[in-house]
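Presented below is the structure to which this report refers.
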Amino acid sequence: MRLGVLDIGSNTVHLLLVDAHPGARPVPFASHKRPLSLVQFLESDGSINDAGQHELIEFVLEAWDFAAKHKADDLLAFCTSAIREATNGAAVLARVKHETTVTLRELTGSEEASMTFFAVRRWYGWGAGPVLNLDIGGGSFEMAYGEDELPELATSVPLGASRLTRDWLQEDPPSAKSVKDLRRYIRATLKPVVRDFARLGKANHVAGTSKTFRSLARIAGAAPSGAGPYVKRELFATDLGLWAQRISAMEVEDRLNLPGVSEARAPQLLAGALVAEAALEMFEFPSLEICPWALREGLILRRLDQLVFEGPLQPAPHVTQTDHPAEPQSPDAEAPGAAEVALAGPPTSGDSTRA
């Protein structure tokens, strides 16, 4: 089946279509995205202005048409911190539904962290042991830790790269004082969170799952995206410290000359580097590994799991059954149904409908 995930983030709006079935990895089929920094459309009272709402609605309509054109069977549509934390977020969601008939599901910060962790666990498997996942978005910074498929602790703090750039780094290049003040703020915000995670034990594997981490790793020498998802990409704390210093002295225009840095991401690169640097330092890890899967893949995988329990489990199309016939069962015998299976975590079934 072909599944679509419409992701309304703080920096980018992105529709990803994948071909998948229960028990198989989702294979990307097509995508449609464009930069849309909703944070830049915030008014002084924290509301998303009319221009931002118009841009959002226009893209949702584009995404729906794109999904229909490519014959998507199901569409999961969600939004994260940009709308979640806007003072008129509920009104924006209502307007989107009224003008597009698409329902955007609002994920909480912990749900966002949990579903991203779920994708990371599926990517690395049980052999990775306890995992700590870090994800720096545009509006928030998600962290999750656990030994199972879903995390023991998942949390979100307002340390998104776009948000911090807007609030703290308005000069180009930023002053030494503003960088110092931001460093202090990041560490003060992370301190109680890191303390909560420390009570759970030490992670065996640390992953980073956002465009911010991918960009920083690329700048520090990791393989480009064209090398494929199976190339190991690491980001080291020592490199982060070095590049944070370099980037702080660069104008936004000069950052565009760095490998893998887009025009939309260049302004917030420094803020992202400062958050990443502080996180590795405070969690006391020398490096992290970039994971190719993140929130979108987590929601897709969760949806596939739900499909398994909503109906009888069928073998994958490429599997030839060679089992011997089972002994006849009594007509009164019942197979376990979906009601007997408890799914933990936030539901991700398609509540995005269009008449």
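Looking for whichever is modelled with pLDDT of 95 or more and either surrounded by 16 or more Cβ atoms within 10 Å (Cβ to Cβ) or among the charged types (D, E, K, R) (or both) here; the options are GLU85, GLU112. Which one fits?
Sole residue among the options that is modelled with pLDDT of 95 or more and either surrounded by 16 or more Cβ atoms within 10 Å (Cβ to Cβ) or among the charged types (D, E, K, R) (or both): GLU112.
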message: For segment 262-303, which positions are out of contact with any Gly (no Cβ under 8 Å at 6 or more places or on another chain), part of a helix (DSSP H, G or I) and within 22 Å of LEU16 (Cα to Cα)?
response: LEU295, ARG296, GLU297, GLY298, LEU299, ILE300, LEU301
query: How do the pairs read when you match residues in segment 97-116 that are at negative phi with residues anywhere that are part of a loop (DSSP other than H, G, I, E, B) and among the basic types (Lys, Arg), using Cβ under 9 Å and keeping only pairs 6 or more apart or on different chains?
result: THR100/ARG354; VAL102/ARG354; THR103/ARG354
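Taking the options LEU235, LEU216, LEU258, name whichever one is in contact with a Gly (Cβ under 9 Å, 6 or more places away or on another chain) and not in a helix (DSSP H, G or I). Steps first, please.
On the way: LEU216 fails: not in a helix (DSSP H, G or I); LEU258 fails: in contact with a Gly (Cβ under 9 Å, 6 or more places away or on another chain).
Checking each option against the conditions leaves just LEU235.
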task: Scan segment 37-65 and report the pairs whose first residue is under 13 Å from ARG163 (Cα atoms) and in contact (Cβ under 8 Å) with a residue 24 or more places away in the chain and whose second residue is assigned to a helix (DSSP H, G or I) and of a type outside the set (A, V, I, L, M), with Cβ atoms within less than 7 Å and a gap of 6+ or a chain change.
output: SER37/SER162; LEU38/GLY52; VAL39/SER162; VAL39/ARG163; VAL39/ARG166
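From the list ARG199, ARG183, exactly one residue is surrounded by 13 or more Cβ atoms within 10 Å (Cβ to Cβ) and of a type in the set (D, E, K, R). Which is it?
Values: ARG199 fails: surrounded by 13 or more Cβ atoms within 10 Å (Cβ to Cβ).
The conditions single out ARG183.
Step by step: first the residues of segment 1-10, then only those that are farther than 13 Å from PHE59 by Cα and touching a Lys or Arg at 6+ places or on another chain (Cβ under 7 Å), then the one that is surrounded by the fewest Cβ atoms within 10 Å (Cβ to Cβ). Which residue is that?
Only one residue tops the list, namely ARG2.
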- prompt: Scanning for something loosely packed, with under 14 Cβ neighbours inside 10 Å and at pLDDT below 95, does segment 93-106 turn up at least one residue?
  reply: no
task: Within segment 66-96, track down each residue that is without any contact (Cβ under 8 Å) to a residue 12 or more places away in the chain and either polar (S, T, N, Q) or within 24 Å of LEU301 (Cα to Cα) (or both).
output: ALA68, LYS69
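Looking only at residues in segment 11-34 that are small (Gly, Ala, Ser) and outside any strand (DSSP E or B), which one is nearest to VAL60 (Cα to Cα)?
Taking segment 11-34 and keeping what is small (Gly, Ala, Ser), we get 20, 23-24, 30-31.
Next cut, outside any strand (DSSP E or B) only: 20, 23-24.
Values: ALA20: 23, GLY23: 30, ALA24: 28 Å.
Only one residue tops the list, namely ALA20.
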message: Just checking, does segment 189-207 include any residue being part of a strand (DSSP E or B) and under 19 Å from GLU111 (Cβ atoms)?
response: yes
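Just to be sure before I move on: is LEU235 in contact with a strand residue (DSSP E or B) (Cβ under 6 Å, 6 or more places away or on another chain), surrounded by fewer than 16 Cβ atoms within 10 Å (Cβ to Cβ), within 22 Å of GLU112 (Cβ to Cβ) and at pLDDT 95 or above in the structure I sent? Write out each step before concluding.
Working: in contact with a strand residue (DSSP E or B) (Cβ under 6 Å, 6 or more places away or on another chain): yes; surrounded by fewer than 16 Cβ atoms within 10 Å (Cβ to Cβ): no; within 22 Å of GLU112 (Cβ to Cβ): yes; at pLDDT 95 or above: yes.
For LEU235, the condition - in contact with a strand residue (DSSP E or B) (Cβ under 6 Å, 6 or more places away or on another chain), surrounded by fewer than 16 Cβ atoms within 10 Å (Cβ to Cβ), within 22 Å of GLU112 (Cβ to Cβ) and at pLDDT 95 or above - is not met.
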- prompt: Quick check, is ALA67 crowded, with 24+ Cβ neighbours inside 10 Å and more than 30 Å from TYR145 (Cβ to Cβ)?
  reply: yes
- prompt: Considering only segment 269-301, how many residues are within 17 Å of the chain's Cα centre (by Cα), buried (at least 18 other Cβ atoms within 10 Å of the Cβ) and not charged (D, E, K, R)?
  reply: 13
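The values are calculated or read from the model by the stated rules, or taken from the named source; none is laboratory data. Bear in mind the structure is a predicted one, so any value in this text is a computation, not a measurement. As a convention, Cβ positions derive from the backbone with ideal geometry for all residues, glycine included, and neighbour counts pool all protein chains shown.
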